[in-house]
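Undergrad: Handing you a structure now.
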Amino acid sequence: MTRFLPVAVLVLLLLPVFGFAPGTQTDAREARLAASLVPEVARYADRPTVKPESEYDVDGDVWRVAFVEGASGSTVARVEVIDDTGETGRVDVSPAADTLAYPELSEGEAIKLATAIPEVRRELLEHPPYTARAEYDEGEWTVHFEVEEEGAVGGMPVGDEGRKEVARVGIDDATWQSNFVWTGDQVGWHMARGDYGAYGKQANYWYVWGTLAFLFAAAFWRTDKLLSLRNLDVLAILGFLVSHGFFRAGDSFWATVLWYPPLLYLLGRTILMGFGYGERVGKTSNLPTGVLFVLAALASGFLLALNLDSRVIDVGYAGVVGADRILDGTLPYGNMPDDVGTGDTYGPLNYLIYVPFNLIFGFSGQWDFLPAAHGATVFAFVVGAAALLVAGWRYAGPKGAAALFFAWAVFPYTLYTTNNNTNDVIVAAVMAIGLATATLPVARGAAVAAGFAIKLFPLVLAPLWMLHGGVEKRGRILDFVLGGVAVVLLSFWVLALDGDPVGAVQLFYEKTLGFQGQRESPWTIFTQVPQLAFLKGPLEFGAIILAFVVAVFPRRRTVRRLAAFSAALIIAFQLTFNYWFYPYVTWFAPFVFLALLVETNAKTALDGDPSAGAPEGEDARGDERGSEA
């Protein structure tokens, strides 16, 4: 008898499977259907986003069916269904049922509409397989397409699970039309979406940048020699506008690729000029000196007026926050708010410069209009204009002063930078001051140190600017070092604010040089064209070697050659950046303006040194191995 016991137990266990044991008489599907037919519930159950959820109550022998609106997560109604008879019992309709905004589309329908968009289909073909989900808010479905990939380029990382969102679409629930379509870099990078007003505001209007570019070209274009280096120089200086057109259209690939041709041209041109090839500039401007001054003044007023309605992007906001931290006695590094978490990637002098403007205009603690950032921008623009006026006057007289002032005020990227209120215009002004005082070793040292303490990159100029007076003149080298050390001491005391300067130095490195070295972005050719990524290391090595070569080997040293080599070094390092943006043009703009646009003048330090005489073997006109024609 005992041998049949296991068989009997197995039969008893299988009885529910064949319906011969006590259990539910109504299944979940039947219960949901019965509940949805209740008149009070039916008009809600028919909504695309309302879905029934059922649960069997063993003690009460009833099915409890809840109707949940998926977009809001709200429960619209609850219905009890008697299991034995399949009839409905208690019905509870939520008071909020009639106040909810019910979408016309279901989640699945929104996903289908988004998937049918050609841009989305093309993007998804590059990333099979994918998953899609949608969420509803205030009349719009947002559809997210995710793939199993890592990295911040080509989309936006999702959590820490190795997933990336590669497309996002907004579908209007009423019209079924797309409100926006973001693919690739546009998903994770707001600046890749082609939003006209997000960066630079009025500087993006064609009639603004077009007018400025026309004035710039009209002033410096050689109408008497169309096939001249000057005209190529003007085309290269304004050539970034071609790339910028694609940037404004939301095409990050061509925007990135096309800013390299003008960078490469200016790199080659300034290196050759620094060694004396194509060094002679025959004419400063087609316009009279008085006209240049008037146009420069008008352009400056226009720029400053537009700044009153400009936007402060994260860089300017970080400067204001850092100044606020210093005023509170707190180290800026590691203490930035979440909405500008990487804003501590600049030197301490960057934040110190904003301190007086915080004291004058205050800081609300919010990312609002930020008058302190506007004040710093206006101050930097005026200082840059004054420094270039002085530089032009010292090296080329009234005409040179007018030309450099005009170029600074009319150049489209000066406006673009000031309208973003970034610290790029601040470091450009420091570089302009360095040019104006280039004959003074202590001033050169102070300018390089100040630039480093603001934006780090001017450190590449240190060997060139230190040895500009000659390797054998140790007194001038000492003056350079003293000027640099003084600025470093006046800036880097900030690292002692928390009482742990050693730890602060390590944190400073991690947040600045360390962060920039590991930064990943679509704004470099090395990520847009991964096949070229192997060039990054050699280019970095080459830029370092170039910094020492141009500091030691040129036999003849003039301010023009100093400006040309300075522009070349900055551009050489920019070519290796993991992240490049249009305001970076202003970093080397003062050097390019002086080197390429101002007429040769061997009577001043621009192209000679009358007090010291011309170097042996050269006359006062300078090296004429190459000429503009």
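Undergrad: Of the residues that make up the stretch 209-230, is at least one of a type in the set (D, E), surrounded by 18 or more Cβ atoms within 10 Å (Cβ to Cβ) and assigned by the TED database to the domain that holds L263?
TA: no
Undergrad: I'm told L606 meets every condition in (1) of a type outside the set (V, I, T); (2) at pLDDT below 95; (3) buried (at least 18 other Cβ atoms within 10 Å of the Cβ); (4) in the same structural domain as L226 (by the TED database) except one. Can you identify the failing condition by its number?
TA: With (1) of a type outside the set (V, I, T); (2) at pLDDT below 95; (3) buried (at least 18 other Cβ atoms within 10 Å of the Cβ); (4) in the same structural domain as L226 (by the TED database) applied to L606, the lone miss is (4).
Undergrad: Another one. Looking at the stretch 516-573, which of its residues are in a helix (DSSP H, G or I) and among the acidic types (D, E)? Walk me through how you get there before you give the answer.
TA: Here is the first cut: in the stretch 516-573, the ones in a helix (DSSP H, G or I) are 516-518, 525-528, 530-552, 559-573.
Hit for the stretch 516-573 is E540, nothing else.
Undergrad: Then there's this: Please go through the stretch 313-354 and pick out each residue that is in contact (Cβ under 8 Å) with a residue 60 or more places away in the chain and either among the charged types (D, E, K, R) or in contact with an Asp or Glu (Cβ under 9 Å, 6 or more places away or on another chain) (or both).
TA: V315, G329, T330, L331, P332, Y333, G334, T342, D344, Y351
Undergrad: If you go through the stretch 237-258, how many residues are open to solvent by 20 Å² or more (accessible area, probe 1.4 Å), farther than 25 Å from A407 by Cα and outside any helix (DSSP H, G or I)?
TA: The number of residues fulfilling the criteria is 2.
Undergrad: Okay, next question. What residue, of F363, F357, F406, F411, is open to solvent by 40 Å² or more (accessible area, probe 1.4 Å) and either among the acidic types (D, E) or modelled with pLDDT of 95 or more (or both)?
TA: So the residue among F363, F357, F406, F411 that is open to solvent by 40 Å² or more (accessible area, probe 1.4 Å) and either among the acidic types (D, E) or modelled with pLDDT of 95 or more (or both) is F363.
Undergrad: Test of understanding: among D309, D328, D314, which residue is in the same structural domain as P412 (by the TED database), open to solvent by 10 Å² or more (accessible area, probe 1.4 Å) and in contact with a helix residue (DSSP H, G or I) (Cβ under 6 Å, 6 or more places away or on another chain)? So that I can check it myself, show each step before the final result.
TA: Working: D309 fails: in contact with a helix residue (DSSP H, G or I) (Cβ under 6 Å, 6 or more places away or on another chain); D328 fails: in contact with a helix residue (DSSP H, G or I) (Cβ under 6 Å, 6 or more places away or on another chain).
Answer to the check: D314.
Undergrad: Has the stretch 437-455 got any residue that is assigned by the TED database to the domain that holds W254, among the basic types (K, R), under 22 Å from the mean Cα position of the chain (by Cα) and open to solvent by 30 Å² or more (accessible area, probe 1.4 Å)?
TA: no
Undergrad: Oh, and also: Being surrounded by fewer than 13 Cβ atoms within 10 Å (Cβ to Cβ), in the same structural domain as A551 (by the TED database), within 26 Å of the chain's Cα centre (by Cα) and not aliphatic (A, V, I, L, M) narrows it down to one residue among F508, F534, F526; which is it?
TA: F534
Undergrad: May I pose another question? If a residue counts only when it is of a type in the set (A, V, I, L, M) and not assigned by the TED database to the domain that holds Q177, which strands (runs of 3 or more DSSP E) contained entirely in the stretch 33-146 have at least 3 such residues?
TA: On the way: elements: 50-57, 62-69, 74-82, 88-93, 130-137.
The qualifying strands (runs of 3 or more DSSP E) are 62-69, 74-82.
Undergrad: Turning to a different aspect of this structure: Give the stretch 346-371 a look and list any residue that's in a helix (DSSP H, G or I) and among the polar types (S, T, N, Q), or say none. Break it down into steps so the answer makes sense when it comes.
TA: Initial filter on the stretch 346-371 (in a helix (DSSP H, G or I)): 348-361, 371.
Hits for the stretch 346-371 are N350, N358.
The values are calculated or read from the model by the stated rules, or taken from the named source; none is laboratory data. Here the structure is a predicted model, which means the values were calculated and not measured. When we count neighbours, we look across all protein chains shown, and the Cβ atoms used for this are built from the backbone with ideal geometry, even at glycine. The accessibility values were calculated without ligands, DNA or RNA, using every heavy atom of the protein model including side chains. Shrake-Rupley method; radii C 1.70, N 1.55, O 1.52, S 1.80 Å.
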